[in-house]
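The values are calculated or read from the model by the stated rules, or taken from the named source; none is laboratory data. Being a predicted model, the structure only gives us computed values, none of them experimental. Cβ coordinates were reconstructed from backbone atoms using ideal geometry, including for glycine residues, and neighbour counts include every protein chain displayed.
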Amino acid sequence: MKKLALLFVVAFIVGFVAAPAMAAGNSNIDHLYLNEKDPNTWEVVEEGAWGKMKYNLAGPTFDFVFNGHGLEPDEDYQLIYYPDKTLLPSNIEPWPREDIMCLGSAALANEWGDVYIEASVNTGNLPNPDDPVFDINTGAKIWLVLSGDVDCGDDPQMFGWNPTEYLFESNLITFVETDDGVADGGDNGKVTICHIPPGNPDNAHTITISIDALSAHDTHGDTVGACGAAVGAVGGGGDDDDDDDDDEDGKKKKKKKKK
């Protein structure tokens, strides 16, 4: 009887300790690090400014919270989606860029160089496969730029270029616009992806999974959308093809920049 009581107590303690770990986390949430980079080499600046974005992988709106550190105090900053294009049509000038997307409102860095931006934005899919001029990347580039270098009015555009004052993506991200959890005509909480079995890419096939399982498919190289019409890489991974030797975790020590 004493042994049974002891086993019960041990099981209760183990269950109590393990329960929070099992419940922790939300796989529809991902994180993106932004870093100060040297525009001559596109390498991350050691001890430079940095920031972290927490965002949802799918939903009716692109919801995010961003915290930046080590920025220029009392300077206004703006988060943008910057698409890379191949050949621009005649109605889109190479500069200023008239195809950026502003994410939320501009925010002022405080005296310590910290900035906070939170917003819910109707972005559609990121990157947007329905855009008449396709983003050549498999994911979206998110930048933090000086608000004075962009116009976030009715026709957003980027007309300034001060890269030493910006934070650039450590990797690309994707977002799937859903209608109350419904994606691609699937059941509630489902999304369609092109599943690429590890070591057997020739067997790629379309499957429908729970939105909560999106991040788990990131390591497989799976893409959002049906095979042959995929939106982009699942989750926050991927190279941005700009030869800037992206950092794996993106996290850098914060250091206030001097004027």
Inset, instruction - Please find, within segment 24-39, the residue that is nearest to Val191 (Cα to Cα) out of those that are modelled with pLDDT of 95 or more and either among the hydrophobic types (A, V, I, L, M, F, W, C) or assigned to a loop (DSSP other than H, G, I, E, B) (or both). - result: Leu32
Legend entry - Among (1) of a type outside the set (S, T, N, Q); (2) touching a Leu at 6+ places or on another chain (Cβ under 8 Å); (3) closer than 19 Å to Leu32 by Cβ - the single one Tyr116 does not satisfy: (2)
Inset, instruction - Considering (1) at pLDDT 90 or above; (2) assigned to a helix (DSSP H, G or I); (3) touching a Ser or Thr at 6+ places or on another chain (Cβ under 9 Å), say which one Ala216 fails and leave the rest. - result: (1)
Inset, instruction - Within segment 40-56, count every residue that is among the aromatic types (Phe, Trp, Tyr), surrounded by fewer than 23 Cβ atoms within 10 Å (Cβ to Cβ) and in a strand (DSSP E or B). - result: 1
Inset, instruction - Would you check if Asp135 is surrounded by 14 or more Cβ atoms within 10 Å (Cβ to Cβ) and not hydroxyl-bearing (Ser, Thr, Tyr)? - result: yes
Inset, instruction - Name the single residue, out of those in segment 163-204 being assigned to a loop (DSSP other than H, G, I, E, B) and under 30 Å from Glu75 (Cα atoms), that is modelled with the highest pLDDT. - result: Tyr166
Legend entry - Considering residues of segment 133-157 that are modelled with pLDDT of 95 or more and of a type in the set (A, V, I, L, M, F, W, C) only, the residue nearest to Glu177 (Cα to Cα): Ile142
Inset, instruction - Give segment 57-77 a look and list any residue that's buried (at least 20 other Cβ atoms within 10 Å of the Cβ) and closer than 17 Å to Asn122 by Cβ, or say none. - result: Leu57, Ala58, Phe62, Phe64
